[in-house]
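A.B. asks: Take this structure first; my questions come after.
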Protein chains: 2
Amino acid sequence: MKDLKKILPGRVSTEAEELFCYGFDASSHAGLPCAVVRPVNTGEVSKVIDFAYMHDTSVVPRGAGTGMTSGAVPLEGSIVLSLEGMNNILEIDEKNLVVVVEPGVINSRLQEALEQKGLFYPPDPTSMDFCTLGGNVAENAGGPRALKYGVTRDYVLGLEVVLPNGKVLTTGVKTHKGVVGYDLTRLIVGSEGTLAVVTKIFLKVLPLPEETVTLLCTFPQLNDAAEAVSKITYARIIPRTLEFMDRETIQAVEEYKSTGLPKDAEALLLIEEDGPACSVSENAEKIASICASLGAKVSIADDIFAKRRLWEARRAVSPALYRISPSKINEDIVVPRSKIPEMLRQLKDISKKYNVKIVNFGHAGDGNIHVNIMTDRNKEDEYRRAEDAVKDVFEATLKLGGTISGEHGIGLAKARYVGMELSPENIELMKGIKKVFDPKGIMNPGKMFPID
Amino acid sequence: MKDLKKILPGRVSTEAEELFCYGFDASSHAGLPCAVVRPVNTGEVSKVIDFAYMHDTSVVPRGAGTGMTSGAVPLEGSIVLSLEGMNNILEIDEKNLVVVVEPGVINSRLQEALEQKGLFYPPDPTSMDFCTLGGNVAENAGGPRALKYGVTRDYVLGLEVVLPNGKVLTTGVKTHKGVVGYDLTRLIVGSEGTLAVVTKIFLKVLPLPEETVTLLCTFPQLNDAAEAVSKITYARIIPRTLEFMDRETIQAVEEYKSTGLPKDAEALLLIEEDGPACSVSENAEKIASICASLGAKVSIADDIFAKRRLWEARRAVSPALYRISPSKINEDIVVPRSKIPEMLRQLKDISKKYNVKIVNFGHAGDGNIHVNIMTDRNKEDEYRRAEDAVKDVFEATLKLGGTISGEHGIGLAKARYVGMELSPENIELMKGIKKVFDPKGIMNPGKMFPID
């Protein structure tokens, strides 16, 4: 690493404390890197990758480390390439509704900069106040608003990346349309840093919706909340968010951060509708009446403070769940939304079968349920049961026509399960593509697929 | 071909007339295949590909042959694999807003089937009454509504394909979200049949918008029409279509099919706004006032017949242009929409420089201009000048931050220009990916990249 320090003076750290801190992310995996490098421009990224390529050292690109599937966790001896210093919003082109950002820009910082100009970048991972846009691209992050507006992939027009041989590549276009050549842009989106390092992102943005209404619907029966999800979309309404929490989630949140959620409810839906002022209130009424007809108590957040409180409650879910147990295995399965009631029933059965507590919340509108198996990593037997339960959850998900990850990605955490969903032919093609980009296998090894 | 006839009795034709007819598409290129095969299911497609793989024969998948860049034109001696017989809408899942179709389904047939259920599939290539969804996937087709709703890629959730070794592969998901593995689905979308044969398509659909308003705005100055495009989106309005025609286009259409367009106008915008009834009329007024302030005469199509007449005029553009000259070189460049006035100025200069007539229309809202260089293929000198003009058009486009194809694809027609836009590294990666899928190079050779 001395050579690397010479090449990039002041950017390379091998301090024990730093190596330790950069070995983690928001998942429960960790590994010790050999160095942490913080480049501030594309040229510097290129130098690091060049060095790694020459020395056959693996590189783990890292944003804010908020990922749930250990995409940013280094294998022993890797270089962690932290892009936190490349955090400039380079351009907001109001005429063409295109922005250009560096990968280290925090999601909510872009949101705020755009809102001031009446513009809107929809993808809103729950960690939006901390996570970086580069990380969002690497994981193809979603968020509550994905229901109406889609995920990160749907906004990325083009990328500048550094390839595993150190060369700089620009993919895609800076316009809203373009079909020249294979779609390398969307191949790199969601590739978890295994193909290239993203150094610049060209994003499409939208006009800010005129108005937003937020509804809280609490249900005395879990199943009725799930039915409401189906009925709302069947009524041809696609709200911008349709979030779901079960009883255990509500109680955990209330104990963690008293936000006024009704602790006696079996389930709640947090629904947000946006658009032109005149239609928003009309649709909100329709949604309220569907939920009420299924026995829900409906309240409308009538000011910005009430709205914020509800979203604070929603964003507190993940930390709050640690009040239930010291560890959790956090999945983010997706099933066709009409299959949510059936999936919840099966989750109850799995919970009984393995004698583990399962807590569910998530983006019910698009069928994306965060299934949390509560456990204690230190109790060997309980943890084994929890892991067995995961397999059953995935099997049930796939049988219902779903997928084992909606937005968290695969990383290290789920690499061994990928074969449950993808056929050997799929995996073979993906590994072939990986080799085309990264013949030496230095880019974030062990993520997405188990190492052969 | 005798062996293939034995393997698939009744599906293989080697009749001279058929070979001739299947050697064309809507571009001006043609080639003679050795056989035309019309499979009716995935198993049969697999058998054809198997045969081709064993015999090192190239295969050209074909929908309705409406492509503008000769993606479906066979090289001499290829098998044309016509998917017109696989034309079933397999499922319309109203609860989950997902449909499953075979590749031979005509775009407008799906549109109609969905509209009856209050659903909506936005991509609407101008050839929608003839083109197939499989062809749309192969070319990542757009259309007027792409401005607000995006292109084919944005609606494809997953695919069933037959790989060049005859194996069947399912990619992607049947849900609205999913991030497991690399995005093979969107890699295949837009790959022009060079990676695999699409045999089943899983599409996301939307609720049908409540109302649509259609405006015709005619301008005495070309430049003002271009300015209006920028001003409308700058006012934070994204209409569903924002179509542009110049004077020559209007006149050609009127001579071809008298539809009542004002022949004395320098340019027109055909604008459609959709959404909730209350907001549509509000936005239509704003749009009208922006156009009027730039000197436009604005009229609103007040019934379904008036709307249809306007869209018939728009759809007649391509055939109508042949009244101007017997051949045309039809490009579909995209520039950032704020650069449209500058691009139109440069097109005028190029027209003068090479003494060729250039006629422009297209999807101005997303900066996608169909540049038609009018010429006569039989006049050698004139045609050469037209071809030289194309190069200048592409150079100007790229300098303004645009792309040389927005929605028509590359095919044979533009393969030699790809290097103007894509760097050698981009092309190298794409060729590497092609090799992973198709090591023998049997899938639609010569398309997208020139043959080495």
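The values are calculated or read from the model by the stated rules, or taken from the named source; none is laboratory data. Since the model is a prediction, treat every value here as computed from it, not as a measurement. No Cβ is skipped: glycine too gets one built from the backbone with ideal geometry, and neighbour counts run over all protein chains shown. For the accessible areas, the whole protein counts, side chains as well, though only heavy atoms, and no ligand, DNA or RNA atoms are used. Shrake-Rupley method; radii C 1.70, N 1.55, O 1.52, S 1.80 Å.
A.B. asks: Can you tell me which residues in the stretch A:302-327 are among the aliphatic types (A, V, I, L, M) and closer than 21 Å to A:Ala146 by Cβ?
C.D. replies: A:Leu310, A:Ala313, A:Ala316, A:Val317
A.B. asks: If you check B:Leu294 against the conditions, is it closer than 26 Å to A:Glu94 by Cα and either of a type in the set (S, T, N, Q) or within 26 Å of the chain's Cα centre (by Cα) (or both)?
C.D. replies: Details: closer than 26 Å to A:Glu94 by Cα: yes; either of a type in the set (S, T, N, Q) or within 26 Å of the chain's Cα centre (by Cα) (or both): no.
The answer is no for B:Leu294.
A.B. asks: Scan the stretch B:300-328 for residues that are open to solvent by less than 20 Å² (accessible area, probe 1.4 Å), assigned to a helix (DSSP H, G or I) and either in contact with a Leu (Cβ under 6 Å, 6 or more places away or on another chain) or charged (D, E, K, R) (or both) and jot them down.
C.D. replies: B:Ala313, B:Arg314, listed by residue number.
A.B. asks: Restricted to the stretch B:228-269, and to residues that are in contact (Cβ under 8 Å) with a residue 12 or more places away in the chain and basic (Lys, Arg), which residue is farthest from A:Ile92 (Cα to Cα)?
C.D. replies: Looking at residues that are in contact (Cβ under 8 Å) with a residue 12 or more places away in the chain and basic (Lys, Arg), I get B:Lys257.
A.B. asks: Which ones in the stretch B:220-277 are over 24 Å from the mean Cα position of the chain (by Cα), farther than 22 Å from B:Trp311 by Cβ and part of a helix (DSSP H, G or I)?
C.D. replies: B:Leu222, B:Asn223, B:Asp224, B:Glu227, B:Lys231, B:Tyr234
A.B. asks: Hey, another quick one. Taking the stretch B:275-321 only, how many residues are among the hydroxyl-bearing types (Ser, Thr, Tyr) and within 30 Å of B:Ile373 (Cα to Cα)?
C.D. replies: Count: 1.
A.B. asks: Under the condition of being more than 21 Å from the chain's Cα centre (by Cα) and either open to solvent by 50 Å² or more (accessible area, probe 1.4 Å) or closer than 8 Å to B:Leu133 by Cβ (or both), which residue from the stretch B:101-120 is nearest to the other protein chains (Cβ to nearest Cβ)?
C.D. replies: Looking at residues that are more than 21 Å from the chain's Cα centre (by Cα) and either open to solvent by 50 Å² or more (accessible area, probe 1.4 Å) or closer than 8 Å to B:Leu133 by Cβ (or both), I get B:Lys117.
A.B. asks: Oh, and also: Examine the stretch A:194-202 for a residue that is at the interface with chain B (Cβ under 7 Å from one of its Cβ atoms) and touching a residue at least 60 places away in the same chain (Cβ under 8 Å), and state whether such a residue exists.
C.D. replies: Applying the first criterion (at the interface with chain B (Cβ under 7 Å from one of its Cβ atoms)) to the stretch A:194-202 yields none.
Within the stretch A:194-202, none of the residues are at the interface with chain B (Cβ under 7 Å from one of its Cβ atoms) and touching a residue at least 60 places away in the same chain (Cβ under 8 Å).
A.B. asks: Turning to a different aspect of this structure: Among the numbered criteria (1) open to solvent by 10 Å² or more (accessible area, probe 1.4 Å); (2) part of a helix (DSSP H, G or I); (3) over 21 Å from B:Tyr234 (Cα atoms), which single criterion is violated by B:Ser281?
C.D. replies: (3)
A.B. asks: B:Arg416 - would you say it is more than 14 Å from every other protein chain (Cβ to nearest Cβ), surrounded by fewer than 24 Cβ atoms within 10 Å (Cβ to Cβ) and not aliphatic (A, V, I, L, M)?
C.D. replies: No, not satisfied.
A.B. asks: So, one more: What residue, among those in the stretch B:419-429 that are assigned to a helix (DSSP H, G or I) and within 7 Å of chain A (Cβ to nearest Cβ), is nearest to A:Asp93 (Cα to Cα)?
C.D. replies: Looking at residues that are assigned to a helix (DSSP H, G or I) and within 7 Å of chain A (Cβ to nearest Cβ), I get B:Glu421.
A.B. asks: Six or more apart or on different chains, Cβ atoms under 6 Å: show the pairs whose first residue is in the stretch A:216-227 and touching a residue at least 60 places away in the same chain (Cβ under 8 Å) and whose second is of a type in the set (Asp, Glu).
C.D. replies: Short answer, once both residue conditions are applied: A:Phe219/A:Glu266; A:Pro220/A:Glu266; A:Gln221/A:Glu266; A:Leu222/A:Glu266.
A.B. asks: Would you be able to say whether some residue in the stretch B:228-248 is open to solvent by less than 10 Å² (accessible area, probe 1.4 Å), within 22 Å of B:Met86 (Cβ to Cβ) and in contact with a strand residue (DSSP E or B) (Cβ under 7 Å, 6 or more places away or on another chain)?
C.D. replies: The answer is no, given that none of the residues of the stretch B:228-248 is open to solvent by less than 10 Å² (accessible area, probe 1.4 Å), within 22 Å of B:Met86 (Cβ to Cβ) and in contact with a strand residue (DSSP E or B) (Cβ under 7 Å, 6 or more places away or on another chain).
A.B. asks: Then there is this: Considering only residues that are among the small types (Gly, Ala, Ser) and more than 7 Å from every other protein chain (Cβ to nearest Cβ), look in the stretch A:379-413 and name the one that is farthest from A:Ser28 (Cα to Cα). Before the answer, list the steps.
C.D. replies: Applying the first criterion (among the small types (Gly, Ala, Ser)) to the stretch A:379-413 yields A:386, A:389, A:396, A:401-402, A:405-406, A:409, A:411, A:413.
With more than 7 Å from every other protein chain (Cβ to nearest Cβ) added as a condition, the list becomes A:386, A:389, A:396, A:411, A:413.
Details: A:Ala386: 14, A:Ala389: 18, A:Ala396: 24, A:Gly411: 12, A:Ala413: 9 Å.
Going through the qualifying residues, I end up with A:Ala396.
A.B. asks: Now, a different point. Does the stretch B:80-87 include one or more residues that are of a type in the set (Gly, Ala, Ser) and open to solvent by 10 Å² or more (accessible area, probe 1.4 Å)?
C.D. replies: Yes, the stretch B:80-87 contains a residue that is of a type in the set (Gly, Ala, Ser) and open to solvent by 10 Å² or more (accessible area, probe 1.4 Å).
A.B. asks: Inspect all residues belonging to the stretch B:125-143 and state whether any of them is more than 10 Å from chain A (Cβ to nearest Cβ), in a loop (DSSP other than H, G, I, E, B), among the hydroxyl-bearing types (Ser, Thr, Tyr) and open to solvent by 10 Å² or more (accessible area, probe 1.4 Å). Give the steps one after another, and end with the answer.
C.D. replies: Filtering the stretch B:125-143 down to residues more than 10 Å from chain A (Cβ to nearest Cβ) leaves B:125-138, B:143.
Among the residues that remain, those that are also in a loop (DSSP other than H, G, I, E, B) are: B:125-131, B:143.
Within this subset, residues satisfying the condition of being among the hydroxyl-bearing types (Ser, Thr, Tyr) are B:126-127.
Of the ones still in play, those that are also open to solvent by 10 Å² or more (accessible area, probe 1.4 Å) are B:126-127.
Among the residues of the stretch B:125-143, at least one is more than 10 Å from chain A (Cβ to nearest Cβ), in a loop (DSSP other than H, G, I, E, B), among the hydroxyl-bearing types (Ser, Thr, Tyr) and open to solvent by 10 Å² or more (accessible area, probe 1.4 Å), which makes the answer yes.
A.B. asks: While we're looking at this one, here's another question. Within the stretch A:317-342, count every residue that is within 14 Å of chain B (Cβ to nearest Cβ) and more than 23 Å from A:Asn378 (Cβ to Cβ).
C.D. replies: 11
A.B. asks: Working only within the stretch A:205-227, note down all residues that are more than 9 Å from chain B (Cβ to nearest Cβ), in contact with a strand residue (DSSP E or B) (Cβ under 6 Å, 6 or more places away or on another chain) and open to solvent by 10 Å² or more (accessible area, probe 1.4 Å).
C.D. replies: Passing the criteria: A:Pro209, A:Thr212, A:Val213, A:Leu216, A:Thr218, A:Leu222.
A.B. asks: Which of the residues belonging to the stretch B:87-100 are within 11 Å of chain A (Cβ to nearest Cβ) and not in a strand (DSSP E or B)?
C.D. replies: Hits for the stretch B:87-100 are B:Glu94, B:Lys95, B:Asn96, B:Leu97.
A.B. asks: Just to check your reading of the model, which residue among A:Lys286, A:Lys263, A:Lys297 is under 25 Å from B:Val205 (Cβ atoms), open to solvent by 10 Å² or more (accessible area, probe 1.4 Å) and not assigned by TED's automatic domain parsing to the domain that holds A:Thr132?
C.D. replies: A:Lys286
A.B. asks: In the stretch A:9-27, which residue that is in a helix (DSSP H, G or I) and in contact with a strand residue (DSSP E or B) (Cβ under 7 Å, 6 or more places away or on another chain) is least open to solvent (accessible area, probe 1.4 Å)?
C.D. replies: A:Leu19
A.B. asks: Another question about this same structure. Just one of the numbered conditions (1) outside the structural domain of A:Gly166 (by TED's automatic domain parsing); (2) at pLDDT below 95; (3) over 27 Å from A:Gly406 (Cβ atoms); (4) of a type outside the set (Ser, Thr, Tyr) is not true of A:Lys95; which one?
C.D. replies: Of the numbered conditions (1) outside the structural domain of A:Gly166 (by TED's automatic domain parsing); (2) at pLDDT below 95; (3) over 27 Å from A:Gly406 (Cβ atoms); (4) of a type outside the set (Ser, Thr, Tyr), the odd one out for A:Lys95 is (1).
A.B. asks: Quick check, is A:Arg345 more than 12 Å from chain B (Cβ to nearest Cβ) and either part of a loop (DSSP other than H, G, I, E, B) or under 25 Å from A:Gly446 (Cβ atoms) (or both)?
C.D. replies: no
A.B. asks: Could I ask something else about it? Can you report the number of residues in the stretch A:145-169 which are free of Cβ contacts under 8 Å to residues at least 60 places away in the same chain, within 7 Å of another protein chain (Cβ to nearest Cβ) and outside any helix (DSSP H, G or I)?
C.D. replies: Total satisfying the criteria: 1.
A.B. asks: Anything in the stretch B:378-398 that is more than 19 Å from B:Val359 (Cα to Cα) and open to solvent by less than 50 Å² (accessible area, probe 1.4 Å)? List them, or say none.
C.D. replies: B:Leu398, the sole residue that qualifies.
A.B. asks: Of all residues being out of contact with any helix residue (DSSP H, G or I) (no Cβ under 6 Å at 6 or more places or on another chain) and open to solvent by 10 Å² or more (accessible area, probe 1.4 Å) in the stretch B:399-412, which is farthest from B:Met128 (Cα to Cα)? Just the residue, please.
C.D. replies: Here the answer is B:Lys399.
A.B. asks: Which count do you get for residues in the stretch B:177-193 that are farther than 21 Å from A:Asn368 by Cα, more than 7 Å from every other protein chain (Cβ to nearest Cβ) and part of a helix (DSSP H, G or I)?
C.D. replies: Residues that pass the stated criteria total 1.
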